[in-house]
Amino acid sequence: MAFDFLDLFKTLAPTAKEIFKSFATKGETDNATWLSKVLTENEHTANEADSLTEEILSTVSRFNTNLRSIEQAAAARQSKEQWLKNFIENSNLTEQQKNEYLAQANLALGRGNQVMLNALQDPNTIDITETVNQLTEQNPPEVNGSKMNRYDRVYLDEQLALQADLIGSQGMMIPAEVSEMPGEEIFQQDLSEESTGSSLDEGLKLAATAVLKISHAAGKIPFLPKNMPVSAITNIACVGVESFKNIGRVVTGKISPLQAIENVGRASVAAIADFCTTGLPAKLLAPIPVVGPALSVAVGAVLTQCSSQDIQEKIHAGINTVKKVAAGVTKTVKKGLATVVTKAKNFASKALNFLTSLF
């Protein structure tokens, strides 16, 4: 990854290990009570601990509900792209809101994904803070949603899911250098086996969010915009946990690398669905393809280093295999985005003006 990942990992690791250790040793305390205690006892989050706890809990619940719904749809042979389309179409947004937000969201995510793809191909390390600042300074264009209809939205929905796929595949890029960092066996069980929505799975996502939120509030993640709402940070943390779980399943032989990337793509779609239907400003979507994978990778790396020695060794050995497949998937998704734009052009869709090609 074309920015100093190890520096980010070293910055987050002490806070992460402290919080994960607290979670692992909480005993019979329920997840909500534990999270509230962690946030209350930290000087950077104490003043808003109650509201943060409520928002983080509800966001993790929505994420898990969305992800289970996508998995159920997949079992019924429905793609995650079709699921996202149905989810947005059935949301409480007005027709005009759907048109305007989807158009702006695609442009914002497209900008961010283009920056991330360029960075991954650049041998030089980028200043991620400066990059994100440049993205957030660009206001999304005004869109007249009254001139579009639900047929025009077909292409916007399809592209939005592909944007989420790109974000997911970038979040599988844990660098091999992580194996050089000292680990601490906080969790003895194989965390990758936890099903979505179990008590342990929920707790890991709450703990990962607490790590990111506390670090963000302490100024340790300078590239994460100060006005990024905790719901967005929570979704990023959830995708990070799912990335770690799926990498773990690959290296232990439970699933193939392609299935793992598909699963993380579903997690990213679940997050994007929440962004689009809970009012995350389109302007703040632009940095998501950059900060999302960076933080997801950080969450996965820390969870790796907090796992048993056996799991650590397996993940370290399998990282490069997963990365190679993820790189191939990225190329395929880029072609898919170009196809969507072409289809919109062939049908003279008004949505064409709002589709961003990554070429």
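The values are calculated or read from the model by the stated rules, or taken from the named source; none is laboratory data. Worth saying up front: this structure is predicted, and the values here are computed from it rather than measured. Backbone-built Cβ (ideal geometry, glycine too); neighbour counts: all protein chains shown. Side chains included, ligands, DNA and RNA excluded: accessible areas come from the protein's heavy atoms. Shrake-Rupley method; radii C 1.70, N 1.55, O 1.52, S 1.80 Å.
Table for the structure above
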{"read-out": "Burial ranking of peptide ranges 63-69, 188-194 (average Cβ count within 10 Å, highest at the top)", "value": "63-69, 188-194"}
{"read-out": "D_trans [Stokes-Einstein, Kirkwood Rh over alpha-carbon pairs] for the chain, 10 °C, 1.306 mPa s, µm² s⁻¹", "value": "78"}
{"read-out": "Under the span-like rule (Cα at least 18 Å along the axis, Kyte-Doolittle mean at least -0.5), DSSP H helices of the chain", "value": "5-24, 49-75, 153-170, 199-217, 230-251, 257-278, 288-305, 309-346"}
{"read-out": "Accessible area per residue, Å², the range 179-306 with all protein chains present, probe 1.4 Å", "value": "26"}
{"read-out": "For the range 1-125, accessible area per residue (1.4 Å probe, heavy atoms of protein chains only), Å²", "value": "50"}
{"read-out": "Share of carbon and sulfur in the accessible heavy-atom surface of the range 1-124 [1.4 Å probe, %]", "value": "44"}
{"read-out": "Reach of LYS343 by Cα under 29 Å, taken over lysines that are not fewer than 8 positions away in the same chain", "value": "LYS80, LYS85, LYS98, LYS147, LYS283, LYS331, LYS334, LYS335"}
{"read-out": "Relative packing of peptides 19-32, 291-304, 77-90 - highest average C-beta neighbours within 10 Å first", "value": "291-304, 77-90, 19-32"}
{"read-out": "Relative contact order (%) - the chain, alpha-carbon pairs under 8 angstrom, separation at least six", "value": "31"}
{"read-out": "Per DSSP, loop trypsin sites (Lys or Arg not before Pro) in the range 143-245 with at most 13 further Cβ within 10 Å", "value": "ARG150, LYS226"}
{"read-out": "Projected-area mean, the range 21-122, by convex hull of Cα positions, square nanometres", "value": "11.1"}
{"read-out": "Alpha-carbon spread of the range 82-162, three principal axes, descending order, Å", "value": "43, 26, 19"}
{"read-out": "Reciprocal mean inverse distance between Cα atoms of the range 76-213 - Kirkwood radius, Å", "value": "18.6"}
{"read-out": "Total charge dipole magnitude, the range 248-328, about the Cα centre, Cβ charges on Lys, Arg, Asp, Glu only, Debye to nearest 20", "value": "140"}
{"read-out": "Prolate/oblate/rounded call for the range 222-359, Cα gyration tensor, a/c under 1.5 rounded", "value": "oblate"}
{"read-out": "Calculated [θ] (222 nm, deg cm²/dmol) that DSSP helices of n ≥ 4 give over the chain, each run adding -39,500 (n - 2.57)", "value": "-23000 deg cm²/dmol"}
{"read-out": "Charge dipole magnitude, Cβ of K and R +1, D and E -1 - the chain, Cα centre, debye nearest 20", "value": "1340"}
{"read-out": "Of GLY27, ASN118, VAL241, farthest towards positive along the dipole that unit charges on Lys, Arg, Asp, Glu beta carbons give the chain", "value": "ASN118"}
{"read-out": "For the range 194-279, radius of gyration divided by Kirkwood radius, i.e. Rg to Rh on alpha-carbons", "value": "1.01"}
{"read-out": "Charged-residue dipole, Cβ positions (Lys, Arg, Asp, Glu), the range 1-154 about Cα centre, Debye nearest 20", "value": "780"}
{"read-out": "Rounded percent of accessible protein surface that carbon and sulfur make up, the range 227-272, 1.4 Å probe", "value": "53"}
{"read-out": "For the range 197-254, with +1 on Lys and Arg beta carbons and -1 on Asp and Glu, the positive-most of PRO225, THR252, ALA210 along the dipole", "value": "PRO225"}
{"read-out": "Cubic angstrom per residue, convex hull over Cα atoms of the range 1-69", "value": "138"}
